[in-house]
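**Q** Take a look at the following structure, please.
The values are calculated or read from the model by the stated rules, or taken from the named source; none is laboratory data. All values derive from a computational prediction rather than experimental measurement. Positions of Cβ are generated from backbone atoms using ideal geometry, with glycine treated the same way; all protein chains shown enter the neighbour counts.
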Amino acid sequence: MRTRRTLLAMTLASVGLAATLAVPAPEPASAEPGAVTWSDDFNGPAGSAPDGNKWRRDIGGGGWGNNEQQYYTNSTSNAALDGNGNLVITARRENPANYQCHYGYCQYTSARLLTSGTFSQAYGRFEARMKLPRGQGIWPAFWMLGGGNWPDGGEIDIMENIGREPGTVHGTIHGPGYSGAEGIGAAYTLPNGQSFADGFHTFTVDWAPDSITWYVDGNQYSRKTPADLGGDRWVFDHPFFIIMNVAVGGYWPGYPDGSTQFPQQMVVDYVRVQAWNNSGGGGGSRLIGSASNRCIDVPGANPADGSQLQIWDCNGTAAQQWSFPGDGTIRALGKCMDVAGAATTNGTNVQLATCNGNAAQQFVLSSAGDLVNPRANKCVDVRDRVTTNGGKLQIWDCTGATNQKWRRG
């Protein structure tokens, strides 16, 4: 959200930031959404609270870094199911419990729901179908944070609307060097003077390792890549969690006036997350070495667990097609890229193995071209800097050398 959050400690305290590996990217790749990895359709009795196994609440009235006026509660008066398959977040002009805000006696209540501690994911399609509130000073948002100290962890605003612009939504990213009021983003305006409060609309981002693309009702209106950052760091290479809220007032939207009617409601039909490029074995992308211009390859037609990966002439076979299902793994032929024995020492083989959820099977392809196992904090490396067919892969301290640089192709 704009006019940034210097008071994010309540949201971020329990969320660790994965290693941020940054700077300019290779040519952008399109996100390819796959299997649903997380969703909420908000089915349940009218008046019941959102699923506590999926959603946490932020509580308080400290202004949230934006001089917002509401007090966020955990009451079903502010966030509850409607019995018709929707979640309703309601902003009210009230103070039923003598809440104190940063400006004194609170004038408004609302709710802010988040998946910090329950769900996070790197890459994929993140989408919600919503009907937005209306009115001067009303500020609904559907967004994501990457944890750690803001803005180093990054922020992806999938949808923000301010009441004085009833037909316009904004999609924005924020990170180190581009964390100010504007961030880097774009706006989408409905045609023919329509308002987002008049009906349901879908708000979507497709997030790939080197691009983020925004849609409203399936219409693409913005795409950002590391090239748009002007040399600032691209920090969108680790898991983010989801937030939905309705703020009242703030530096950017302004404040309610005599025209603002209460209560105001954001009605959410569903929130859905899909994996990125979740194609199982084959059908994915090549991983091409910068030094050799050869592909990461699985040797043999029917590789057993423990088959050491190699580089080979790119040939389009399934042994060179790698998918990124959004859970941190990189897969080919139905198995996972793996650090042998879960070791963390230089020279350990990089192999193919049955997927098991172990940290040895977690990899991040950074925008700088480093393919890193975060547990070992080491890069996938071609042994002895070999550039010919059959060069074997290992992990090694990240040096920035070309035998450790990879791109999707």
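**Q** What strands (runs of 3 or more DSSP E) lie completely within region 106-197 and have 2 or more residues being among the charged types (D, E, K, R) and in contact with a Phe, Trp or Tyr (Cβ under 7 Å, 6 or more places away or on another chain)?
**A** Hits in region 106-197: 124-131, 155-160.
**Q** Output the number of the condition that Gly218 fails; it satisfies all remaining conditions of (1) surrounded by 16 or more Cβ atoms within 10 Å (Cβ to Cβ); (2) on the phi > 0 side of the Ramachandran plot; (3) out of contact with any Phe, Trp or Tyr (no Cβ under 6 Å at 6 or more places or on another chain).
**A** (1)
**Q** Quick one: count up the residues across region 159-192 that are out of contact with any Ser or Thr (no Cβ under 6 Å at 6 or more places or on another chain) and free of Cβ contacts under 8 Å to residues at least 40 places away in the same chain.
**A** Counting residues in region 159-192 that are out of contact with any Ser or Thr (no Cβ under 6 Å at 6 or more places or on another chain) and free of Cβ contacts under 8 Å to residues at least 40 places away in the same chain gives 6.
**Q** Identify, from the list Ala46, Ala25, Ala19, Ala31, the residue that is surrounded by fewer than 16 Cβ atoms within 10 Å (Cβ to Cβ) and either of a type in the set (Lys, Arg) or modelled with pLDDT under 95 (or both).
**A** Unique residue meeting the criteria: Ala19.
**Q** Quick one: in region 353-395, of everything that is in contact with a helix residue (DSSP H, G or I) (Cβ under 6 Å, 6 or more places away or on another chain) and touching a residue at least 24 places away in the same chain (Cβ under 8 Å), which residue is surrounded by the fewest Cβ atoms within 10 Å (Cβ to Cβ)?
**A** Checking each candidate, the answer is Arg385.
**Q** If you go through region 345-361 one residue at a time, how many are assigned to a loop (DSSP other than H, G, I, E, B) and modelled with pLDDT under 95?
**A** Of the residues in region 345-361, 5 are assigned to a loop (DSSP other than H, G, I, E, B) and modelled with pLDDT under 95.
**Q** To continue, here is another question. Quick one: in region 198-238, of everything that is in a strand (DSSP E or B) and of a type in the set (D, E, K, R), which residue is nearest to Gly154 (Cα to Cα)?
**A** Lys224
**Q** Please verify whether Gly199 is under 19 Å from the mean Cα position of the chain (by Cα), under 28 Å from Arg56 (Cα atoms) and in contact (Cβ under 8 Å) with a residue 60 or more places away in the chain, treating the condition exactly as stated.
**A** No: the conditions fail for Gly199.
**Q** Scan region 147-158 and give yes if some residue there is surrounded by fewer than 24 Cβ atoms within 10 Å (Cβ to Cβ) and free of Cβ contacts under 8 Å to residues at least 40 places away in the same chain, otherwise no.
**A** The answer is no, given that none of the residues of region 147-158 is surrounded by fewer than 24 Cβ atoms within 10 Å (Cβ to Cβ) and free of Cβ contacts under 8 Å to residues at least 40 places away in the same chain.
**Q** Could you please find all residues in region 302-344 being part of a helix (DSSP H, G or I) and of a type in the set (Val, Ile, Thr)?
**A** Once the filter is applied, which keeps residues that are part of a helix (DSSP H, G or I) and of a type in the set (Val, Ile, Thr), region 302-344 yields nothing.
**Q** May I pose another question? With respect to Val380, is the statement that it is in contact with a Ser or Thr (Cβ under 8 Å, 6 or more places away or on another chain), within 27 Å of Gly124 (Cβ to Cβ) and among the β-branched types (Val, Ile, Thr) true?
**A** No, not satisfied.
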